[in-house]
Amino acid sequence: MKNKIILIGGSAGSFSVVTQILTELPKNFRIPIVLCLHRLKHVRSGFAEALSLKSSNPVIEPYDKDRIEEGKIYIAPANYHLYIEAHKHFALSTEDSINHSRPSIDVTFVSTASVYKENVIAIILSGANNDGAYGIKRVKDLGGITIVQNPEECQVSTMPVSSIRIMKPDFILSSTEIIKYLIDINNKAFFGK
Amino acid sequence: MDITDDEILKLVETVKVTSKYDFSDYTEKSFRRRIEKVVTDNKLSVDDLLKRLKTDKTFLEKIVRDITVNTTELLRDPNVWITLRDKILPELKNKESINIWHAGCSSGQEVYSMLIMLNELGLYDKTNVFGTDLNTDMIEESKRAIYKYQFNAIYFENFDAVFNSTEEVAKRGKLSYDKYFTIDKNKDLIIVKDFLKKKPFFRTHDLVNDDNVFGIFFDLIICRNVLIYFNNKLQNRVFDLFHRSLFPDSFLIIGMHESILGPFSTRLEKRGLYYKKRHEY
């Protein structure tokens, strides 16, 4: 049970939700979280630091080849695609944008799904384009758990709506329900509760 | 498009036995994505791709180019350029001459960014600038130095962050893009001025197979966002090449999210955004 990983993808309108999630997750949250969020290319630093202040766990922009560790929250660096490789380490790339995005949520989700398979919990939040839809579909196809933020609650619903259009997520949840779900699954995985 | 691990291995093997290119130590995921793209773009099955690679040399070269092409931008990561200006180049400025190698220069924007920096600091004439890439198309693009306006105009933000900060403008006035570029919005072009194009020396170079082909030592090697495509073993070989090609106490810059792990981490010492070759006796 301890091989789980949580993926969160989002763009416009997702920052407040991500902040809320990271603020409310407890300090003993062990399952690694990988955030892939679209943001302005040139607003490079500050974002991870700002999230770190709110979060009870460290928020890190990983370096190429860093190993994924429990209890850490990773955020895809601006202007790179973030992959997860076979031995559970990160790999970065500066290939062209995909779905007009770098980092692209599809890239991170697809590569993680092929490594972690049924141990992925993938979440698509508010966002303004369809990046991530194909990725969350792959997670589902490979046996992972898929969650889409309730489009009615999203500031911009294009991203969750495009996901729901091509796959049937396991859950459509509000941000509060997402937090509750994550805490539950962490407790089950690590504390047998 | 799903390709099996077996097919990937076959592809690497085919390229290896039919050409001088060896992708076996490339990182798996980005390599796979590029192969998938090649297969989709060429509307081929993996079997057909393999067959064609074996028989058609021109096709193989094209595929290798598609796999190895990388994106770059003018003054990528302004903080790196500010560090170059404030920390690295001041240490080199009193040398009789300065040798700089851009390894994996892609379409050349980084080389021209450097030339602009050198010119602004009055170091242009004493510096030799070399740009290399595996990809022959990229070398030709570097020499041409003509870029699409719509894809590159956003990078003038980087230019302003480096050269037109409040501090810089107070010191020497606003630096105009026109000094170094001809901008033709109608034709969608940014053209590097001729005097800059004459300066650098571009040639192909394979970091995986080739040694230091210049027969000189360097004061600064810049190799950004290339090592991310290599596994640790291959990275170490490249660090060895760089280490052997640098003067003592000289500088290496790699990508903002790359790091030196393994045997060279003690011989190339990290100082913030750059590495310095340690003096060894």
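The values are calculated or read from the model by the stated rules, or taken from the named source; none is laboratory data. Treat the numbers as computed from the prediction; the structure is a model and nothing was measured. Reconstructed Cβ throughout: ideal geometry from the backbone, glycine too, with neighbour counts over all protein chains shown.
Can you find a residue that is over 20 Å from B:G255 (Cα atoms), more than 9 Å from chain B (Cβ to nearest Cβ), in a helix (DSSP H, G or I) and out of contact with any strand residue (DSSP E or B) (no Cβ under 9 Å at 6 or more places or on another chain) anywhere in region A:21-36?
yes
Any residue in region B:147-173 that's part of a loop (DSSP other than H, G, I, E, B): show its pairings with residues that are exposed (fewer than 13 other Cβ atoms within 10 Å of the Cβ) at Cβ separation under 9 Å, as long as the two are six or more apart or on different chains.
Partner pairs satisfying both residue conditions: B:N164/B:K174.
Given the conditions (1) within 14 Å of chain A (Cβ to nearest Cβ); (2) assigned to a strand (DSSP E or B); (3) in contact with a helix residue (DSSP H, G or I) (Cβ under 7 Å, 6 or more places away or on another chain), which single one is not true for B:N236?
Status for B:N236: all satisfied but (2).
Within region B:22-38, work out how many residues are of a type in the set (A, V, I, L, M, F, W, C) and touching a residue at least 60 places away in the same chain (Cβ under 8 Å).
Qualifying residue count for the region: 1.
Every residue in region A:97-136 that is away from every other protein chain (no Cβ under 13 Å) and free of Cβ contacts under 8 Å to residues at least 40 places away in the same chain, please.
Answer for region A:97-136, where residues must be away from every other protein chain (no Cβ under 13 Å) and free of Cβ contacts under 8 Å to residues at least 40 places away in the same chain: A:N99, A:K117, A:E118, A:N130, A:A133.
Report whether or not B:I228 is within 14 Å of chain A (Cβ to nearest Cβ) and either in a helix (DSSP H, G or I) or out of contact with any Ser or Thr (no Cβ under 7 Å at 6 or more places or on another chain) (or both).
It is true that B:I228 is within 14 Å of chain A (Cβ to nearest Cβ) and either in a helix (DSSP H, G or I) or out of contact with any Ser or Thr (no Cβ under 7 Å at 6 or more places or on another chain) (or both).
Kindly evaluate B:K29 against the criterion of being modelled with pLDDT under 90, more than 24 Å from B:T132 (Cα to Cα) and surrounded by 17 or more Cβ atoms within 10 Å (Cβ to Cβ).
Here the answer is yes, as B:K29 does meet what is asked.
For region A:86-94, check the following and say yes or no: at least one residue is of a type in the set (F, W, Y) and modelled with pLDDT of 95 or more.
yes
Could you list, ordered by first residue, the pairs with Cβ atoms under 9 Å in which the first is in region B:213-229 and at positive phi and the second is in a loop (DSSP other than H, G, I, E, B) and among the acidic types (D, E), at least 6 apart or interchain?
Taking only residues 6 or more apart or on different chains, the pairs are B:N225/A:D64; B:N225/B:E258.
Just one of the numbered conditions (1) at pLDDT 95 or above; (2) more than 14 Å from chain B (Cβ to nearest Cβ); (3) surrounded by 20 or more Cβ atoms within 10 Å (Cβ to Cβ) is not true of A:S11; which one?
Unmet condition: (1).
Just the residues that are modelled with pLDDT of 95 or more, surrounded by fewer than 24 Cβ atoms within 10 Å (Cβ to Cβ) and among the hydrophobic types (A, V, I, L, M, F, W, C), please, taken from region A:122-146.
A:L142, A:I145, listed by residue number.
Sort out which residues of region A:53-91 are of a type in the set (V, I, T) and buried (at least 19 other Cβ atoms within 10 Å of the Cβ), and write them in order of number.
A:V59, A:I68, A:I73, A:I75, A:I84, listed by residue number.
Among the residues of region B:39-51, is any touching a residue at least 24 places away in the same chain (Cβ under 8 Å), within 20 Å of B:T204 (Cα to Cα) and within 14 Å of chain A (Cβ to nearest Cβ)?
no
Taking the conditions exactly as written (assigned by TED's automatic domain parsing to the domain that holds B:K95, in contact with a helix residue (DSSP H, G or I) (Cβ under 8 Å, 6 or more places away or on another chain) and assigned to a strand (DSSP E or B)), does B:F264 satisfy them or not?
no
How many residues are out of contact with any strand residue (DSSP E or B) (no Cβ under 9 Å at 6 or more places or on another chain), more than 7 Å from every other protein chain (Cβ to nearest Cβ) and small (G, A, S) if we restrict to region A:60-96?
The number of residues fulfilling the criteria is 2.
Does any residue of region B:96-110 turn out to be farther than 12 Å from B:P200 by Cα and free of Cβ contacts under 8 Å to residues at least 24 places away in the same chain?
The answer is no, given that none of the residues of region B:96-110 is farther than 12 Å from B:P200 by Cα and free of Cβ contacts under 8 Å to residues at least 24 places away in the same chain.
Let me spell it out: the conditions are (1) assigned by TED's automatic domain parsing to the domain that holds B:L92; (2) at pLDDT below 95; (3) small (G, A, S), and B:S142 meets all of them except one. Which number is the exception?
(2)
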